[in-house]
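The values are calculated or read from the model by the stated rules, or taken from the named source; none is laboratory data. From a predicted model like this one, the values you see are computed outputs, not experimental measurements. Reconstructed Cβ throughout: ideal geometry from the backbone, glycine too, with neighbour counts over all protein chains shown.
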Amino acid sequence: MSKIICDFCGATDTKDNPVIAGDNACICRACVNAAHEIMNGNLPIEENNKIEASELKEIKIKTPAELKKILDEYVIGQERAKKVLSVAVYNHYKRIFRHHEIDDDTELNKSNVLLIGPTGSGKTLLAQTISKYLDVPLAIADATSLTEAGYVGDDVENVVTRLVQAADGDIKKAERGIIFIDEVDKVARMSENRSITRDVSGEGVQQALLKIVEGSVVNVPPKGGRKHPGQDALQVDTTNILFICGGAFDGLEDIIKKKEGANILGFNQDKKTKNDQDKIISKVETDDLVKYGLIPELIGRLHMIATLNEITEDDMVHILTEPKNALIKQYIKLFEMDEVKLEFEKDALKELAKLAIARKTGARGLRSILEDIMLDIMFDLPKYKNKTVTITKEVVQKTEEPKVA
């Protein structure tokens, strides 16, 4: 059964704010009360913007330092990226909720973010953590599945539909949400020259993204899928939606090296260390992204660029043990439920980190490695009740059984 939605403000039917359905329109309690106040002269129509601002204050704006502290609990390292994202989010929501505090004609533009970093470095986790603690809806889309309107694949506007669905159909809530578009580097042009043929999944997608990223009223189908003539559509204003784009941008380092005149060919070249690679990628500029294949118009709408470093072995160990949702903490809790104490030796953690780095899948590779190692132990878990199970380096290497005491 579909939810009833207010035709005036887009609110869904709830116990606190019920929606009355008529023959051709629906209206919620809040809009009825507001209309009553306006009709009785108690509330000038011009005050509508101020009403909206006061309603939106249900989200407490956290300072950049508070936001970064939250990110520190879940994301290890990536200090620069966390600062960039914290400042961008703070300025974005300050612009929405507090714009009426200073009465002048200055317009504040939103600060969309581009995150550049290798797979598994924490790009998606940063966006998920921010949205969770701000209590705003988040939609995650993969740019590789998007195509220009009219072709096989997801229309670009469908990412807005996902945001509305994440907000449980509440249009007003969706209009201040966050959209994370991953793998944006995969829709880069193959060359700097503009294509004379239709490029439905590359430059065409970038052109289609321009409109919604900048801010416009988008007609989206209420249940997703493609738009059809005569179909009722929801109108969503993307002006106050924060867009975070992410991508690995493999090969971007070579473009930056060429720009700086570095000779990347020939004999007797010193092999670059990981630290050198991180320094190179941190020097990225908009011109480098244009050469990579992003169109200048899209880069111009992604105002803040943050680079994420490749995760080191030490970082992997910290990721396993320190965050609130650390994998080791999760396994310890699972064992505790069966009254079994679980311990990991330091060498075992280092070996896990080495295996994850060898797979080149970043932090997301840790779970599959651990699941594989712990499977047999978890299968026999009830046998170890009131005992201590210790995971050693040899257990990770699958050469010995875990110690049980």
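The table for this structure:
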| quantity | calculated |
| --- | --- |
| Residue in the range 126-138 that is under 15 Å from the mean Cα position of the chain (by Cα), at pLDDT 85 or above and assigned to a loop (DSSP other than H, G, I, E, B) present | yes |
| Residues within the range 67-88 that are part of a helix (DSSP H, G or I) and β-branched (Val, Ile, Thr), tallied | 3 |
| Pairs with Cβ under 9 Å, 6+ apart, first in the range 234-253 and under 16 Å from LEU289 (Cβ atoms) and in the same structural domain as VAL213 (by TED's automatic domain parsing), second in a strand (DSSP E or B) and of a type in the set (Phe, Trp, Tyr) | PHE243/PHE180; ILE244/PHE180; CYS245/PHE180; GLY246/PHE180 |
| Selection count where residues are touching a residue at least 60 places away in the same chain (Cβ under 8 Å) and not in a strand (DSSP E or B), scope the range 96-124 | 13 |
| Per-region count, the range 322-370, residues closer than 11 Å to VAL396 by Cα, out of contact with any Lys or Arg (no Cβ under 8 Å at 6 or more places or on another chain) and in contact (Cβ under 8 Å) with a residue 40 or more places away in the chain | 6 |
| Test result for LYS387, buried (at least 16 other Cβ atoms within 10 Å of the Cβ), at pLDDT 90 or above and not hydrophobic (A, V, I, L, M, F, W, C) | no |
| Residue in the range 105-114 that is modelled with pLDDT of 85 or more and of a type in the set (A, V, I, L, M, F, W, C) present | yes |
| Sole exception among (1) in the same structural domain as SER111 (by TED's automatic domain parsing); (2) modelled with pLDDT of 90 or more; (3) more than 18 Å from ASP250 (Cα to Cα) for LEU289, by number | (3) |
